[in-house]
Protein chains: 2
Amino acid sequence: MRLLIVEDTADVAEAIAASLGRANFACDVAPTLADARDCVAVQDYAVIVLDLNLPDGCGRDFLRDLRRGGDRTPVLVLTAQFEVTARVGALDEGADDYLVKPFDLRELEARVRVLTRRDAGRADNLIALGRLVYDATAQTLRIGDEVVPATRRELALLALLLANRGRIMAKDRLYDGLFNFDNADVGTNTVELYVARLRKKLAGSGVAIETHRGLGYRLELSGDG
Amino acid sequence: MRLLIVEDTADVAEAIAASLGRANFACDVAPTLADARDCVAVQDYAVIVLDLNLPDGCGRDFLRDLRRGGDRTPVLVLTAQFEVTARVGALDEGADDYLVKPFDLRELEARVRVLTRRDAGRADNLIALGRLVYDATAQTLRIGDEVVPATRRELALLALLLANRGRIMAKDRLYDGLFNFDNADVGTNTVELYVARLRKKLAGSGVAIETHRGLGYRLELSGDG
DNA sequence: GGGAGCTGTCACCAAGCTGTCATCGCGCGA
DNA sequence: TCGCGCGATGACAGCTTGGTGACAGCTCCC
């Protein structure tokens, strides 16, 4: 899943991106409102993490524009202790959650996860399908009672496919969800590679990744569970 | 969906057409303003991608003429880094978006998609008729609860017929929607072929493709659902 | 500093979509 | 009723697209 972090303080942004990156999110960082607008214009994000204090304006303006444009992407607002009215205002204007600085990175990670699953209509961080169980918090994949070791990229791909199960996902969309702008030069072939690797690990899970030539991939129940 | 790419540098145009072609857009390339005028005279486009620097004039003139003629086709302008005033001018004259060269092809594709969505103006990508449900986002065709695998061309044809359901569509118009000028040597027979293939997959859907000799095809409810 | 494992590239192979051809069926006008 | 022409459809070959093994680089951890 792909996230946008709108934060001007470089080391803070870096810390957030590193933390969420370890949680298997592909993160883009925008240090200004202008950058943020460019990002949302060309990329769909699962969640936007938005600092209110930015060099070229207030994050609330950005949020308001976003909502007026019909964009319903979940937004988590970061505020300083004293910005109470700004915080309230942000929620009124369409923010989905907020966090007061300084905050624990793990808490941020948890709240971001809550927002991602809200969009998928789930109540917890477990996704089960067939004999397969994916735990987004622990970042583990189980088939039946057995834990199957999987790498970060494999899990990220699985999360994307699970969130869109039954639907054909174009390779481009998988690519966008797996990599951020920093990895822009990665060959498109990589998606196929990770599909192949993930397929091996899903053997016997009752879940299969179907290929639809020219269209994309689709995760669905199969008979082999 | 059919796009026009107005760009004189052959390899750039080719790269754009290839990228957008993979995204299921049928692309025509016009290397000069004169060619572009010929194209828009005979064909409706979903989006026009317009380079400003052309051998026989400035793209802004073309854009201005287009708008004066009442044409509202979304236009995405390509500009060089230093052409700031041209960029602003293009927006004033009716461009819908711009991209500064050099750009990422995926970014172009994303922006083109935004423009096509804006024009369609519907958030719901489901089209239902009889027992048939076509999901344009997921690129899936369902009959009742069962997903019927279909290829890109078949889905493109179905989308065209659904968008014009109840109306007779001339074979030429179907042909234009499925292929671009580069595929001009494709036999006209192909439309009939894909109609036949699609018919097989629509069996039992309560929807039928009627043949109207000498006129074209028409998608309509039938009794077999 | 070294090793293990993850990551992404390349090359080659396989699969199936695509479009052509040929043949047959069918409707319509004479 | 016959003939013509448009449309339907099965078979096939080419080519694009995807699958996969091997390998090299990189990172992270010890």
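Could you check what % of the DSSP bridge pairs in the protein assembly as shown are antiparallel, to the nearest 5?
55 percent
What is the distance, in nm, between label points placed 7 Å from the Cα along the Cα-to-Cβ direction at A:Lys200 and at B:Asp44?
Here the modelled spin labels are 5.1 nm apart.
Rounded to the nearest 10 degrees, what's the angle between the helix A:152-163 long axis and the longest principal axis of chain A, both from Cα atoms, 0 to 90?
Its long axis makes an angle of about 90 degrees.
Using each residue's phi in the range A:181-190, evaluate 6.51 cos²θ - 1.76 cosθ + 1.60 at θ = phi - 60° and report the 3J(HN,Hα) Karplus result to the nearest Hz, with x for Gly and Pro.
Using θ = phi - 60°, the values come out as 4, 5, 9, 4, 8, 6, x, 5, 4, 4 Hz.
Cα centroid distance between the range A:150-195 and the range B:143-170, in Å?
Here the answer is 28 Å between Cα centres.
List the distances, in nm to one decimal, from the label point of A:Gly223 to the label points of the same position in every other copy, shortest first, placing each label point 7 Å from Cα along the Cα-to-Cβ direction.
Taking the point 7 Å beyond Cα along Cα→Cβ, the inter-copy spacings are 3.6 nm.
Run lengths n ≥ 4 of DSSP H only: what is the helix-derived mean residue ellipticity at 222 nm for the protein assembly as shown, with -39500 (n - 2.57) per run over all residues, to the nearest 500?
Per the formula, -12500 deg cm²/dmol.
Using amide H atoms built in the peptide plane, which far-off residues or other-chain residues are under 5 Å from B:Val29 H to H?
B:Ile5
With contacts defined as alpha carbon pairs under 8 Å and 6 or more residues apart, what's the relative contact order of the range A:130-225 in percent?
32 percent
How far is A:Arg22 from the same spot in each other copy, in nm, shortest first, if each label point sits 7 Å from Cα toward Cβ?
In nanometres, ordered from closest: 3.4.
Taking a label point 7 Å from Cα toward Cβ, how far is B:Thr137 from its twins in the other copies, in nm, shortest first?
2.8
Among A:Leu63, A:Leu115, A:Leu105, which comes first, then next, by fewest other beta-carbon atoms within 10 Å?
A:Leu105, A:Leu115, A:Leu63
Residues in the range B:3-17, backbone N under 13 Å from the label point at B:Thr32 (7 Å along the Cα-to-beta-carbon vector): list them, ranges by number please.
From the range B:3-17, the list is B:8.
Fewest to most neighbouring Cβ within 10 Å: what's the order for B:Phe62, A:Phe103?
A:Phe103, B:Phe62
Tilt of helix A:105-120 relative to the longest C-alpha principal axis of chain A, in degrees (0 to 90, nearest 10)?
That helix lies at roughly 60 degrees to the long axis.
Can you sort B:Glu192, A:Glu109, A:Glu7 by how many other beta carbons sit within 10 Å, fewest first?
By the 10 Å Cβ count, ascending, the order reads B:Glu192, A:Glu109, A:Glu7.
Every read-out reported here was derived from the displayed coordinates using simple, explicitly stated rules and does not represent laboratory data. All figures in this text were calculated on a predicted structure; none of them were measured in a lab. Note that each Cβ is placed from the backbone with ideal geometry, even for glycine, and that neighbours are counted across all protein chains shown.
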